[in-house]
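Rule-based calculations on the coordinates, nothing more; no lab input. Worth saying up front: this structure is predicted, and the values here are computed from it rather than measured. Positions of Cβ are generated from backbone atoms using ideal geometry, with glycine treated the same way; all protein chains shown enter the neighbour counts.
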Amino acid sequence: MNAVLPWHSATVERVLQLAAADKLPNALALTCAPGWGHEQLLSSVALQLLGLDYNRPVTEIAHADFRWIEPEGAVLKIDQVRRINDFAAQTSQVGGRKIAAIVDAHLFNTNAANALLKTLEEPPPNTHLLLATPYWGKLLPTIRSRCQRIQAAPDHAAARAWLTAQGVDLSDAEFAEYGYAPLTARDAHQVEQVDMTAWLCGLPASSLEDATAQVLDMDVVNWLARWYRRILLHLQGVQIPQCVSAAKSLLIFADQLLDIRRQIESSNAANSRLLVEQLIVRWVQMQRKQSK
């Protein structure tokens, strides 16, 4: 359940070497690109630092010197930080080292981040705060400045081999469509089973309601990201059959697509159905105009 993902091995080993040399930072930020498993990286590092190797979800592990903190809803809240601070102030009860592992650290609200600063800056001896995020730039500057960052580099060969072992067989173009992110590709393959190219080719003949419903049944933000990348692949020569739009028109549409994706991702008030319908209608109109 907590096995190290193959492309994380070097990063985990690097952290363990720091610990063995008594050079492990008290505040450490573990980062990797979205879809490359920042949560799994955090779990692997935290459990191995404590000598734990449980074959069950990390959230079910009870250990006196370990805390696993993840967002409650959409943010990390100040009450969670207070519990982290209380834990940091305690004496180690088992092995001399305490680990607080914080998932999605970019989701600290301002009050929570401010409440954590003192513990990050002056943590008690043998207390280590491990933060994980795929969005280093979204961390508040006050948090970034107090953490040593270790970035896990992507390894496409290891990712492709792992995907194959998971029963996910993708072409190079399909892998690119998922942003070369192995976990994104695996998760989408398990639940979506909708081919982007076939979906785009079928839009002129599909009803707007049916085409929109297909998107809304999936991870809309991820689907729009795939659509955007499929356009880029088309412009690079991996063509979408029946797509006759000029490059300029496609790039303008791609900008609109990204803008709508940001709206849906960042606002609970965004009407996903209406926005997706707008994109579908615009795409179909664009193809018909160019074909005349």
Quiz item: For the modelled label position 7 Å from the Cα of Lys118 along Cα-to-Cβ, which residues of segment 11-33 have backbone nitrogen atoms closer than 20 Å?
Solution: 26-28
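Let me spell out the model: positive unit charges on the Cβ of Lys and Arg, negative unit charges on the Cβ of Asp and Glu, origin at the Cα centre of segment 6-154. What dipole size does that give, in debye rounded to 20? Kindly include the intermediate steps, with their values, before the conclusion.
Details: 14 positive and 13 negative charges, 64 e Å.
Magnitude of the dipole: close to 300 debye.
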Quiz item: Cα centroids of segment 83-106 and segment 221-254: how far apart, whole angstrom?
Solution: 47 Å
Quiz item: Hey, got the dipole for the chain? About the Cα centre, +1 on K and R Cβ, -1 on D and E Cβ, debye to the nearest 20?
Solution: 800 debye
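Given charges of +1 on the Cβ of Lys and Arg and -1 on the Cβ of Asp and Glu, with all other atoms neutral, how large is the dipole of segment 1-84 about its Cα centre, in debye to the nearest 20?
On the way: 7 positive and 9 negative charges, 34 e Å.
Charge dipole, segment 1-84, about its Cα centre: 160 debye, nearest 20.
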Practice problem: Mind giving me the nanometre distance, one decimal, between the label points for Asn268 and Arg282, set 7 Å out from Cα along Cα→Cβ? | Solution: 2.7 nm
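Per-residue ellipticity at 222 nm for the chain, helices alone: DSSP H runs ≥ 4 residues times -39500 (n - 2.57), over residue total, nearest 500 deg cm²/dmol?
On the way: 13 runs with 150 residues, N = 292.
So the helix-based figure for the chain works out to -16000 deg cm²/dmol.
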Exercise. Determine the gain in length on full extension of the stretch Val244-Leu216; use 0.36 nm per residue of separation and subtract their C-alpha separation, reporting nm with one decimal.
Key: 7.5 nm
Exercise. Decide, for segment 192-291, between rounded, prolate and oblate: order the square roots of the alpha carbon gyration tensor eigenvalues as a ≥ b ≥ c, take rounded if a/c falls under 1.5, and otherwise choose prolate if a/b is larger than b/c, else oblate.
Key: prolate
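Multiplying the sequence separation of Ala205 and Asp169 by 0.36 nm and subtracting their Cα-Cα distance, what value in nm do you get?
Full-extension gain reported as 10.1 nm.
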Quiz prompt | Reachable lysines from Lys248, criterion Cα separation under 16 angstrom, eight or more residues apart if same chain | solution = Lys289
